[in-house]
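See below for the structure under consideration.
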Amino acid sequence: MYEGWVHCARINIKRVPYARGSEQLAVAVFKMGSLIQSIHIMQEIARDRKRIIVIGLLLLVTGLAGAQPIMDSALNNKRYKNRYLVWTTPTRSKSITGIAIGVQALNSDDKKLTINGVNADFGALGFIAIPVVALLAIIDAGNEKPIDLFDDKASTIINGISVSIGGEIFVSVHGFNIAGLATHAYKLNGISISGLASVSTQFRGLVIGGIYNSARSGVGIQIGLINNCKNLKGLQIGVWNKSGKRGLPFINWGT
């Protein structure tokens, strides 16, 4: 387009005498105008490119932000799943059906763990609990209300058999429980035997606590050197037994 204008200008200038210099000036002017317009076009393209880049970055950030919860959910679901046959503890799994073997029956993500079958572990927390249990035994011996370690929940539920060298803490055991040192449970249903101490919120069945046996409420039999239960329907056998407000040596009962 600009070349046509330049050609017409050259023809007109040639018809005018002494206009050779003007022809060169006109060509230079038209070329300058073409250059300026080209610069304007390039600037517009650059602006559009910047807009496209900014919009693209915004879409990318928005997409990543929206995808993050989905990724987190998928990751959590992958970790928090059911395990079968044999699995180790602590674990990030929701449940273990079969045999759980390891250091302690706990969920390492601070969530609830359910074991259906057999649990066998070292029970490291049971060793840590010994000084606490000894202190509780001294304080609780003359206490009307047993001291509770927790109120209304357990972090691990074991349905079946649990065998631990040190003992289980923050558990509910439905079945058979044996601990070399101590058991701290929310619910004990069935038979529970602990070498030194047993502390539970509720029990139903037979609980043997070695030196110290305490529960908030229970139905069944408590056996230990010192037994204490606020609400008992059953028997206590030990050197000192306390059921509610009544304390008796050797044998006590509750209604």
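The values are calculated or read from the model by the stated rules, or taken from the named source; none is laboratory data. Model, not experiment: these values are computed from the prediction. Note: ideal-geometry Cβ built from the backbone for every residue, glycine included; neighbour counts use all protein chains shown.
What residue, of Asn189, Asn252, Asn227, is surrounded by 24 or more Cβ atoms within 10 Å (Cβ to Cβ) and part of a strand (DSSP E or B)? Step through it out loud before you land on a result.
On the way: Asn189 fails: surrounded by 24 or more Cβ atoms within 10 Å (Cβ to Cβ); Asn252 fails: surrounded by 24 or more Cβ atoms within 10 Å (Cβ to Cβ).
Step by step, each of Asn189, Asn252, Asn227 is checked, and only Asn227 is surrounded by 24 or more Cβ atoms within 10 Å (Cβ to Cβ) and part of a strand (DSSP E or B).
Assigned to a strand (DSSP E or B) and within 14 Å of Asn177 (Cβ to Cβ): is that true of Gly220 in this structure?
Values: assigned to a strand (DSSP E or B): yes; within 14 Å of Asn177 (Cβ to Cβ): yes.
Judged against the criteria, Gly220 is a match.
Here are Ser162, Ser198: which of them is crowded, with 24+ Cβ neighbours inside 10 Å, of a type outside the set (Asp, Glu), at pLDDT 95 or above and in the same structural domain as Gly238 (by TED's automatic domain parsing)? Please lay out each step first, then the result.
Working: Ser198 fails: at pLDDT 95 or above.
Within the list Ser162, Ser198, the selection yields Ser162.
How many residues does the range 154-183 hold that are assigned to a strand (DSSP E or B), of a type in the set (Ser, Thr, Tyr) and closer than 17 Å to Thr89 by Cα? It would help to see each step written out before you state the result.
Let us first name the residues in the range 154-183 that are assigned to a strand (DSSP E or B), namely 156-164, 169-179, 182-183.
After this cut, where a residue has to be of a type in the set (Ser, Thr, Tyr) as well, the list is 156, 162, 164, 172, 183.
Filter once more, so that each one left must be closer than 17 Å to Thr89 by Cα: 156, 162, 164, 172.
So the count comes out to 4.
For the range 103-130, which residues satisfy the criterion of being crowded, with 17+ Cβ neighbours inside 10 Å and on the phi > 0 side of the Ramachandran plot?
Selection gives Gly117, Gly123.
Residue by residue, here is whether (1) in the same structural domain as Thr183 (by TED's automatic domain parsing); (2) of a type outside the set (D, E, K, R); (3) modelled with pLDDT of 60 or more holds:
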| residue | (1), (2), (3) |
| --- | --- |
| Gly102 | yes, yes, yes |
| Ile115 | yes, yes, yes |
| Glu144 | yes, no, no |
| Leu149 | yes, yes, no |
| Ser155 | yes, yes, yes |
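Need the failing condition index for His174 against (1) surrounded by fewer than 18 Cβ atoms within 10 Å (Cβ to Cβ); (2) under 16 Å from Phe122 (Cα atoms), just the number.
Among (1) surrounded by fewer than 18 Cβ atoms within 10 Å (Cβ to Cβ); (2) under 16 Å from Phe122 (Cα atoms), the lone unmet condition for His174 is (2).
Scan the range 192-212 for residues that are in a strand (DSSP E or B) and closer than 18 Å to Gly123 by Cβ and report the count. Lay out the reasoning, then the answer.
Step one: filter the range 192-212 for residues in a strand (DSSP E or B), giving 192-194, 197-208, 212.
After this cut, where a residue has to be closer than 18 Å to Gly123 by Cβ as well, the list is 192-194, 197-200, 207-208, 212.
Number of matching residues: 10.
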